[in-house]
Amino acid sequence: MSAFEKPQIIAHIQKGLNYTVFDCKWVPCSAKFVTMGNFARGTGVIQLYEIQHGDLKLLREIEKAKPIKCGTFGATSLQQRYLATGDFAGNLHIWNLEAPEIPVYSVKGHKEIINTIDGVGGLGIGEGAPEIVTGSRDGTVKVWDPRQKDDPVANMEPVQGENKRDCWTVAFGNAYNQEERVVCAGYDNGDIKLFDLRNMSLRWETNIKNGVCSLEFDRKDISMNKLVATSLEGKFHVFDMRTQHPTKGFASVSEKAHKSTVWQVRHLPQNRELFLTAGGAGSLHLWKYEYPVQRSKKDSEGVEMGVAGSVSLLQNVTLSTQPISSLDWSPDKRGLCICSSFDQMVRVLIVTKLHKI
Amino acid sequence: MTAKDNPSLWGFGTTKTFKIPVEHLDFKYIEKCSDVKHLEKILCVLRSGEEGYYPELTEFCEKRLKGLAPESRALRKDKPAATASSFTAEEWEKIDGDIKSWVSEIKKEENKIHCHETETFPAMDNNLPPVRGTNSRVHVTKEKYSNSRRPKKKIPRDYAEWDKFDVEKECSKIDEDYKEKAVVKNKSHLSKIETRIDTAGLTEKEKTSLATREKEKGNEAFNSGDYEEAIMYYTRSISVLPTVAAYNNRAQAELKLQNWNSAFWDCEKVLELEPGNLKALLRRATTYKHQNKLQEAIEDLNKVLNVEPDNELAKKTLLEVERDLKTDPASKTQTKGKRMVIQEVENSEDEDGKDRRRAQEDGSGDKRLSSKRTEKNSNGNILGTTVSLTREAAEPAGAGSAAEPRAMGNIQKKLTGKSEGGKRSERGASRRGRTPGAGVDKRGRQRAAAAVAASNATRHPGSGRGAGDPAAAAAPVPAATLGPAGLKSQGNELFKSGQFAEAALRYSAAIAQLEPAGSGSADDLSILYSNRAACYLKEGNCSGCIQDCNRALELHPFSVKPLLRRAMAHETLEQYGKAYVDYKTVLQIDCRIQLANDSINRITRILMTLDGPRWREKLSPIPAVPTSAHLRAWQPVAETPPSQGGDACGRPQPGVPDEKMFKTLKEEGNQCVKDKNYKDALSKYSECLKINNKECAIYTNRALCYLKLGQFEEAKQDCDRALQMDSGNVKAHYRRALAHKGLKDYQKSLNDLNKVLLLDSSIVEAKMELEEVTRFLNVKDNITSFNKEKERRKIEIQEVSEGQEEEPGRTSEELSTDCPASGKGDTTSGPPECYEKLPITKPNNAYEFGQIINAISMRNDQEACAHLLAITEPKDLPMLLSNKLEGDTFLLLIQSLKNNLIGKDPSLVYQHLLYLSKAERFTMMLTLISKGQKEQIEQLFDDLSDTPNKHFTLEDVRALKRKYEL
């Protein structure tokens, strides 16, 4: 691939903010996105921006009592587009951005900060009920159904007396029909646990030695195919989730990507083999996963085991000196992307030539 | 600076970080160095500047590294993000314009959705699945331990457990586990993907995005090689919104899977929606090519080339098709999908109006062509005999493109007409001058057939009159003047030169001459049939080939060639199951036949995709091959004594018709048994006995049929008769034992089995049966179910010693599995059956219970489960289930209560339900079960309330029902 054929990452629009931004998300089916964060005075903030004439226009600013750590549109319908957020006090809220005064749904889900949130079953992504999963510093991972008040529909927690690990990231996957669904959770000690929501059991677990910063399935709504886990020490792992070996689990390939923590990984919604990682030193890496010739083989005992493929770097850029805290691809426009970084900036990026890969 | 100040100038220092000799930081060294790792280190040192700052050297090192390993991590550099200035004005215009137009477009879309918001919202909500069960907890660490504990449990902890420990059982259990897991992993999700998407209450925009998304999922699956999955997603996409791209892509995926027919229909669909779509035309050409409609393929390819004269793929395919057409116009669909290359999966449609117009012009040209062809063909006589597969595909084409399908039909008729040429010698004669050796397949397509041709050539060295002189063979000789042997050798010559139709004609004539001669010429006849089968196979007349192979095999069971040919014909007809059986049989005779080995591998894969993991169960049994057949395989000479045929036909043989009749009937009977058609087999054997009632084997064979049909009394009588003739007949004893067992006369059964073992102690089935029968006699037995699984595998080795007797298609595998089944068909359901299938003892602890339940649920054996429930105290149930109550277990319990126990003992059912509700994971279970399962439970309760009983009242039932949240 010549230099000109390579995808280019363009910093299209940049905007400085007057608060610490933790998360940003595209509003589905629009040219708008929300940013969530923390005012210096200790309150939470949600801002709604729209791209207009090559610039960002602030449409709405909502201030809330507690700093907001994370948000998702994953469990809402395209018509409603409610934003689900988790805040520093452990509250899960669902907001109607048109009328944000009172949350549509509110629950004190966790005792401590909700670090991470993910949704499935909305936006036409994932069969089955709309559900939200939250992971918290209190060590629990809870699954919520917006139709059920107060109580989670599933709760994954350590037994009494066990050490509580800080859950840093959660991701839904395997939602290819009404019954199947898994939640994958990553913890500060490097544990990755895969919970099967259909059987209510722990399906698989592993440890990648360093804290798991971000997890994502390449697709939520297909039979588990790949899982990318990024770690505190600059590595990321790609697991082939199609073939589970009874003892060895899933095959994986790892790659040292950044010089410091890989904060986020996000797969391109239009092509599951491409993903972007966001590094601690303000860098972005665009990767492509290539499958091996045979995705599974028989081990010496004739048991099937997966074979990991390889990853290749397509492009990398450095945007800032500060960590990039969040990243989101536009579900509607291939190659359009937003990211927020700890230098209080939000950027709209364009990645070119993605359709040629 | 002196050398002292800077140690690296001394020339023997090393760098600080990697301890690289300082000399290595040198142009010459770097130029020569090819160790990527080392270069990376050098680069790192150079960049760090700790040994000094050498920009040129650093750059040089980078270049060198780039040349060696362009992907090297050391070459990754921090780059700033691109900006407008990184592009040419034109490029930037494009990128910027693209985003701007998208922004304005999406805003319009958004407004549209906004309008819809209120109307469509409720419909969405109704479609949603119910809320997951309340607050189900998964304890992370607990689960972890229970997971790791499971394998540990297999090791017994005290002596008592050692006694119970059954190594084989555990082994087989591990096998089962693996099997199951492997299955779950690979394709199981495919069947669970809904092929339709409910689009009720969705806006157009939502539908479009949904369809696009599904299509993209399909593309991704396609790109990673999961073609079945890709087809699923394309189908889903089409179910939401039929688009040209989705159809086109599905066609491509189907081509990959070699589903020519479905691919064809998808291409048709595309062309209907968008006439002249190049990709669809190309793909349709490929399907034509593989369905051997070469003319149509050429037409499609020409259409493509008209629009895009430089289309490499079309050119290449066209060349291939033309070559096919030249070399072998009548050859059929031996697939060779590897060559296909229409790879790219498109994302959007890019056809423009111009293309479309041109394509339409082509279409009209095509019509002219086809009408010409129709005229040309109208005077050719059409034989209504063979309807080939491809013809079927061509016939039911849509009315919209009526002209084309008609043309196809004609072409097809023409082709089949040609291949039928064997029946019309004058037509065949006109083609006689064709290239000799065309039939020896250069393309390696029908390798086997080619090999056959070659071996035929070697096997008849100068046998017939015409053999020495190919010209003589080719000359039209009146068939009647030649003897069968001469005809055969002529046929062989013709076959060698690729004139299959004529060859078939010769063989037919030879057969016609030999047929009345009776059984004496069975060998020759068999070969003739087999050879004619080869001709038919070459011509693509698969059904004819199969028929001939059948005949050949009747005359000469277990000869390799007809079996191989039949297998190939079956494979061509996509009757993979039968093909598999035939290949397997061949391998039993001679395991070195590479073709069979390859084909088995291929077919296994196909069958697995077709029938899922349980494909083996759908196969008909693979016949056991008698050892004599093995011997014969090594003596190919014996198979063809060419001169013998002529003598045989003249020899008068007294009593031959009867004997022959007897033999054919018997073989037919055997064939029927092979095909599991026991009724017909029965009548055949009975006919046999009318002719000759002195043959012991017929009685035993008929007994087998009776056994299969569950007529144990008759079976017993036949065995008795057989034993009168031959008191030492093992089979008769064995079958009588089975009959006795079926009649529940276990004592006699036991006696017979003992006799069997006395006669031949190595018969494992007998041992097994003995074990089983003893178990019936003595119910208290501790052996669990997995034995059977294990033993079944063992039996296969047994076959050879078993197969000595001339007994058709009866593998010992069948013996072990079918007999209990036949017993079941005859007797009423009751506890004994449960024993028969699965020995169940009262479980004492949760572990034992779990084992039994696992075994039962593996077979989904409700009767056994019912029995288990019958012998289990209801109040023990929560204890036995412990925390292992799972969805399928629960369902199994409910089903067996509902189907098997409710009629017998409603109070027991009530008790069980009551205690089941007290089991540990019960409430969670309830939240997890699906609607259909809930209905089953509801039915059970309805049944329960319908059968009032003194042990419980309606009120009780209602209370319990509430517990079940109904």
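Points to keep in mind about this one:
- Among residues of the stretch B:303-329, those that are in contact (Cβ under 8 Å) with a residue 24 or more places away in the chain, open to solvent by 10 Å² or more (accessible area, probe 1.4 Å) and under 23 Å from B:Val244 (Cβ atoms), counted: 7
- Whichever residue in the stretch B:907-934 is charged (D, E, K, R), over 37 Å from the mean Cα position of the chain (by Cα) and within 14 Å of chain A (Cβ to nearest Cβ) and, among such residues, is most open to solvent (accessible area, probe 1.4 Å): B:Glu920
- Candidates A:Gln264, A:Gln322, filtered to the one that is open to solvent by less than 30 Å² (accessible area, probe 1.4 Å) and under 27 Å from A:Met345 (Cα atoms): A:Gln264
- Residue within the stretch B:235-252 that is of a type in the set (Ser, Thr, Tyr), modelled with pLDDT of 80 or more, open to solvent by 20 Å² or more (accessible area, probe 1.4 Å) and touching an Asp or Glu at 6+ places or on another chain (Cβ under 6 Å) present: yes
- Number of positions in the stretch B:915-949 that are of a type in the set (Val, Ile, Thr) and touching an Asp or Glu at 6+ places or on another chain (Cβ under 9 Å): 2
- None of A:Gly135, A:Gly86 is open to solvent by less than 10 Å² (accessible area, probe 1.4 Å), more than 14 Å from chain B (Cβ to nearest Cβ) and assigned to a strand (DSSP E or B) except A:Gly86.
- Taking the stretch B:721-731 as the range and being of a type outside the set (A, V, I, L, M, F, W, C) and over 43 Å from the mean Cα position of the chain (by Cα) as the test, the residues that pass are B:Arg721, B:Gln724, B:Asp726, B:Ser727, B:Gly728.
- The stretch A:154-164 - residue that is charged (D, E, K, R) and facing another protein chain (nearest Cβ under 9 Å) and, of those, least open to solvent (accessible area, probe 1.4 Å): A:Glu157
- When the stretch A:260-276 is filtered for residues that are among the basic types (Lys, Arg) and modelled with pLDDT under 90, only A:Arg272 remains.
- The requirement of being touching a Ser or Thr at 6+ places or on another chain (Cβ under 7 Å) and either over 26 Å from B:Thr83 (Cβ atoms) or at pLDDT below 90 (or both) is satisfied by A:Ala84.
- For the criterion of being basic (Lys, Arg) and either assigned to a strand (DSSP E or B) or without any contact (Cβ under 8 Å) to a residue 12 or more places away in the chain (or both), A:Arg219 fails.
- Of all the listed residues (A:Ser252, A:Ser300), the sole one being more than 12 Å from chain B (Cβ to nearest Cβ), part of a loop (DSSP other than H, G, I, E, B) and either hydrophobic (A, V, I, L, M, F, W, C) or open to solvent by 20 Å² or more (accessible area, probe 1.4 Å) (or both) is A:Ser300.
- Positions within the stretch B:734-763 being assigned to a helix (DSSP H, G or I), among the aliphatic types (A, V, I, L, M) and surrounded by fewer than 24 Cβ atoms within 10 Å (Cβ to Cβ), in sequence order: B:Leu750, B:Leu757, B:Leu758, B:Leu759
- The one condition from (1) open to solvent by less than 10 Å² (accessible area, probe 1.4 Å); (2) modelled with pLDDT of 60 or more that B:Ala453 does not meet is (2).
- Any pair with Cβ under 9 angstrom, 6 or more apart, that starts in the stretch B:74-96 at a residue that is within 8 Å of chain A (Cβ to nearest Cβ) and at positive phi and ends at one that is part of a helix (DSSP H, G or I) and surrounded by 16 or more Cβ atoms within 10 Å (Cβ to Cβ): none
- A:Glu98 being farther than 17 Å from A:Pro146 by Cα, of a type in the set (D, E, K, R) and away from every other protein chain (no Cβ under 14 Å): no
- Test set (1) assigned to a loop (DSSP other than H, G, I, E, B); (2) buried (at least 23 other Cβ atoms within 10 Å of the Cβ); (3) facing another protein chain (nearest Cβ under 9 Å) - A:His258 fails condition number: (3)
- Answer residue from the stretch B:209-260, given it is of a type in the set (Phe, Trp, Tyr) and without any contact (Cβ under 8 Å) to a residue 60 or more places away in the chain and is farthest from the other protein chains (Cβ to nearest Cβ) among those: B:Tyr247
- For the stretch B:935-959, filtering for residues that are over 18 Å from B:Leu901 (Cα atoms) and surrounded by 14 or more Cβ atoms within 10 Å (Cβ to Cβ) leaves 1.
- Search result, residues across the stretch B:949-962 that are among the basic types (Lys, Arg), over 14 Å from B:Ile894 (Cβ atoms) and part of a helix (DSSP H, G or I): B:Arg958, B:Arg962
- Residue match in the stretch A:62-79 (condition: away from every other protein chain (no Cβ under 12 Å), open to solvent by 10 Å² or more (accessible area, probe 1.4 Å) and out of contact with any strand residue (DSSP E or B) (no Cβ under 9 Å at 6 or more places or on another chain)): no
- In the set (1) open to solvent by 10 Å² or more (accessible area, probe 1.4 Å); (2) within 13 Å of chain B (Cβ to nearest Cβ); (3) of a type in the set (A, V, I, L, M), A:Met200 fails one condition alone, (1).
- A single member of A:Phe195, A:Phe172, A:Phe217 is facing chain B (nearest Cβ under 10 Å) and open to solvent by less than 20 Å² (accessible area, probe 1.4 Å), and it is A:Phe195.
The values are calculated or read from the model by the stated rules, or taken from the named source; none is laboratory data. In this text, all values refer to a predicted model and were calculated from it rather than measured experimentally. A quick note on method: Cβ atoms are made from the backbone with ideal geometry, for glycine too, and the neighbour counts reach across all protein chains shown. Quick note on the areas: whole protein, heavy atoms, side chains included, nothing else; ligands and nucleic acids left out. Shrake-Rupley method; radii C 1.70, N 1.55, O 1.52, S 1.80 Å.
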